[in-house]
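Have a look at the structure below before the remarks.
Every number here is computed from the coordinates shown, using simple stated rules; none is lab data. Predicted model, so just to flag it, every value in this text is computed and none were measured. Glycine gets a Cβ as well: all are built from the backbone with ideal geometry, and neighbour counts include every protein chain shown.
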Amino acid sequence: MVALRLRKYASLLCTNICAKRITERKPKIQPWEKIKSKLKARFLHPSYVQDSYSQLHKLTQGDMSIGEYTSEFKKLLTKCDIQESKGQTTVRHLGGLESRYSNIIKLQQYTTFDEVCVLAHKV
């Protein structure tokens, strides 16, 4: 399924890896994490993840709308592949919002990151 979604060289590489594993009588690469790590090792520059961490750490709303900030935040979270609790992600998101928005959101009841995103859009 992953090979079908890839394009150009990545698709060719994935197809070749699968074919090679078949000829060597090795099992298919099953867990998504394993496939993802092989693709990252081949296509991502070593500084890519560090640069993404740095961008996420420095991310603040600034002149962005709440929607733009939330989209950028989610994009960087995906790029960094951070394994943190939902509470930590929520606090990280609130910390980058303009204080006039985050202070209002903190007064509301929320339990999930998605609820915080909805509240931010409402504010």
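How far apart, in nanometres, would the label points at LYS75 and LEU44 be if each is projected 7 angstrom from Cα along the Cα-to-Cβ direction?
Calculated label separation equals 1.6 nm.
List, in the order given, every pair from LYS36/LYS106; LYS36/LYS74; LYS20/LYS79 whose Cα-Cα distance in the structure shown is over 26 Å.
Correct reply: LYS36/LYS106; LYS20/LYS79.
Apply the Karplus curve 6.51 cos²θ - 1.76 cosθ + 1.60, θ = phi - 60°, to the phi angles in segment 16-28 and return the couplings in whole Hz, x for Gly and Pro.
Running phi through 6.51 cos²θ - 1.76 cosθ + 1.60 with θ = phi - 60° gives 5, 4, 5, 5, 4, 5, 5, 5, 8, 6, 9, x, 4 Hz.
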